[in-house]
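Engineer: Supplied in structure tokens, the structure appears directly below.
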Amino acid sequence: MPKTIWVLIELEDGKPARSSLEVLGKAAQLGLAEAIVLGSAAAEAAPTLGEHGAEKVYVHTDAAYDNYLTLPAVDTISDLLKQHQPALLMMATTYDLRDIAARLNVRNTMGLITDATDLSFEGDTLQATVPWGGENVVTATHPHSGTGIVLTRPKAFGLERYEGRNAEIETLNVALNADSQKIRIIDRVELPSEGPALEEASVIVSGGRGLGKPDNFRLVEELATALGGAAGATRAIVDAGWLPYSYQVGQTGKTVKPTLYIACGISGAIQHLAGMKGSKYIVAINKDEHAPIFSVADFGVIGDVLTILPQLTQEVKRRKAH
């Protein structure tokens, strides 16, 4: 009998987040996938989840899930877990879902695995693949019976389609606990951005300390724009205040899998490699021929990034003009 795997679906602008849909597709490969979707837009989003692998969807449309921070969701999911006891609860790694997972784990003594890049079952035993320290990979499991939680690394799975699958929808009508409606979300601020989002871009040009100073990051942005891609950065220059955290690629930043990743003045610390080594093609530009980034690069250019980048951007523009 297939194991029941639950996935908590996060909504963005009233639609299921791509990161949650990727996790749902993986759940459908592991067993009987069921989804939970909460919030004022849940009823509209639920019917689309069958096409991404869900056999059943639990829906609660109370706006409190939108307006109060995570606790209403924790209450609802805790009650559902006690009633149904699925084999596993999976979530994408986002700020809200990490908070929900941690609270569920403490409240219900479930066991929590974070940063998983793959999952499988050997009989009744979960096998979760987890990068450890950038270079090493370990296999983790839940050592007890009952429902465990797994947070998965962004971009670990592709977007699966199950054409024609219609999920059963169960509407929840439980009253929410007033004690959980104390941390109210009073505002949401979106940083303006141009071009494709870093996580979705098929081409990413990233800069590191080899650029020398903040003003030189414009060379990275100019090449990214010429290629129709997005600009990224290492933790070192984000921590130095050159750029907002939203630009950071790496173990403590964003995990990306573009078709083309161009690393400019990046030495290749293992923490950075953990966030981008899944790229299909990697080009490295660095004046240090022994830089670790060359060990993962498909094509390496040894030279001064400040000289090479303007020439490369000019050549891209010239070829596009013809």
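The values are calculated or read from the model by the stated rules, or taken from the named source; none is laboratory data. Nothing here was measured: the structure is a model prediction, and the numbers come from that model. Every residue, glycine as well, gets a Cβ built from its backbone with ideal geometry; the counts of neighbours run over all protein chains shown. Only protein heavy atoms, including side chains, enter the accessible area calculation; ligands, DNA and RNA are left aside. Shrake-Rupley method; radii C 1.70, N 1.55, O 1.52, S 1.80 Å.
Every residue, every condition in (1) farther than 30 Å from residue 70 by Cα; (2) touching a residue at least 60 places away in the same chain (Cβ under 8 Å); (3) among the charged types (D, E, K, R), yes or no:
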| site | (1), (2), (3) |
| --- | --- |
| 190 | no, no, yes |
| 201 | no, no, no |
| 209 | yes, no, yes |
| 217 | yes, no, no |
| 221 | yes, no, yes |
| 230 | yes, no, no |
| 269 | yes, yes, no |
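Engineer: Continuing with the same structure: Collect the residues in the stretch 221-237 that are in contact with a helix residue (DSSP H, G or I) (Cβ under 7 Å, 6 or more places away or on another chain) and either open to solvent by less than 40 Å² (accessible area, probe 1.4 Å) or aliphatic (A, V, I, L, M) (or both), keeping them in residue-number order.
Structural biologist: Result: 223, 226, 227, 230, 231, 232, 233, 234, 236, 237.
Engineer: Identify, from the list 7, 23, 37, 59, the residue that is touching a residue at least 60 places away in the same chain (Cβ under 8 Å) and over 23 Å from residue 121 (Cβ atoms).
Structural biologist: Of 7, 23, 37, 59, the one residue that is touching a residue at least 60 places away in the same chain (Cβ under 8 Å) and over 23 Å from residue 121 (Cβ atoms) is 59.
Engineer: Here's a follow-up. Cβ-Cβ distance below 7 Å, separation of 6 or more or different chains: which pairs start in the stretch 159-175 with a residue that is modelled with pLDDT of 90 or more and end on one that is open to solvent by less than 100 Å² (accessible area, probe 1.4 Å) and in a loop (DSSP other than H, G, I, E, B)?
Structural biologist: These pairs meet every condition: 160/53; 162/53; 167/54; 167/55; 168/55.
Engineer: If you scan the stretch 1-38, which residues turn out to be more than 16 Å from residue 170 (Cβ to Cβ) and of a type in the set (Gly, Ala, Ser)?
Structural biologist: Listed by number, the residues that qualify are 14, 17, 19, 20, 25, 27, 28, 31.
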